[in-house]
Amino acid sequence: MEKINILKIMELLPHRYPFLLVDRVESVEEGKIHAIKNITFNEPQFTGHFPESPIMPGVLMVEALAQVSGIYCYTKILKPEEYGKKFMFFAKIDNVKFKNPVIPGDIMNMFVTVEAFSNNLLKTHGEVKVDDNLACSADLGLFLVDKEAMKINK
């Protein structure tokens, strides 16, 4: 599949600034997706994490992997007519490891592999890399929910 730009990402995901953590999808193939996030000093988390030595918070790296997993679901699992009717929520986060810091000026390359999808549960493994260095890895479980059932946006 061709690259997915930020405008299409915003059609797929409900997140917005400052919580939209995916800038572009480089590729989507059966069972895997590669996306990027450009890290800039003017992002709000760096005013407090940490002003003298800015480091991307680990929880935001894990959230970014979840958003990439959601993009995979919306492009490869759901039908286009279901996009606005479903939300994905964290169900599980396992085996999280932080190996190297991510700092302003870095490009987070996010690689997500789909492990399974059944009963509305998407299981993925994600890795964040800067250049070829592993920064973060995690096993994620995301639950697909009908907006109607959750009474969201009514």
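Can you work out the accessible area per residue across the stretch 11-154, with the rest of the protein chains kept in place, probe 1.4 Å, in square angstrom?
Values: 7690 Å² over 144 residues.
Computed with neighbouring chains in place, this is 53 Å² per residue.
Listed peptides 105-114, 48-57 appear in the order 105-114, 48-57 once ranked by packing, highest mean of other Cβ atoms within 10 Å at the front.
Our coupling estimate for the stretch 63-68, obtained by passing each phi through the Karplus curve with A = 6.51, B = -1.76, C = 1.60 and θ = phi - 60°, is 4, 4, 4, 5, 5, 5 Hz, Gly and Pro reported as x.
Based on the mean of other Cβ atoms within 10 Å per residue, sort peptides 126-132, 58-64 so the most packed one is first. Please report the intermediate quantities before stating the final value.
On the way: 126-132: 17.6, 58-64: 19.3.
By packing density, highest mean first, the sequence is 58-64, 126-132.
Of the options [x] 20.4, 58; [y] 15.2, 47; [z] 17.7, 57, only one is Rg and Dmax of the Cα atoms in Å as computed from these coordinates, and that is [y].
Taking amide hydrogens as placed 1.01 Å from N in the peptide plane, the amide H of D23 sits under 5 Å from those of I36, K37, N38, each at least 5 positions away in sequence or on another chain. 3J(HN,Hα) couplings calculated from phi for the stretch 121-131 with the Karplus curve 6.51 cos²θ - 1.76 cosθ + 1.60 (θ = phi - 60°) are, in sequence order, 10, 9, 10, 9, 10, x, 9, 10, 10, 10, 6 Hz; Gly and Pro show x.
In straight-distance terms, cross-link reach from K92 covers every one of the lysines whose alpha-carbon lies under 28 Å from its own, apart from those fewer than eight places away in the same chain; here that gives K8, K32, K37, K76, K79, K123, K129, K147, K151, K154.
Once the chain from E30 to K99 is taken as fully extended at 0.36 nm per residue, the excess over their C-alpha distance is 22.1 nm.
Modelled this way, with points 7 Å down the Cα-to-C-beta line, the labels at N133 and E11 are 3.8 nm from one another. In this label model, F90 and I107 are separated by 2.8 nm, measuring between points 7 Å along each Cα→Cβ vector. Between D106 and I39, the built amide H atoms are under 5 Å apart, and every one of these is 5 or more places off in sequence or on another chain.
The values are calculated or read from the model by the stated rules, or taken from the named source; none is laboratory data. Worth saying up front: this structure is predicted, and the values here are computed from it rather than measured. Quick reminder, even Gly has a Cβ in these numbers, built from the backbone with ideal geometry, and neighbours come from all protein chains shown. The accessibility values were calculated without ligands, DNA or RNA, using every heavy atom of the protein model including side chains. Shrake-Rupley method; radii C 1.70, N 1.55, O 1.52, S 1.80 Å.
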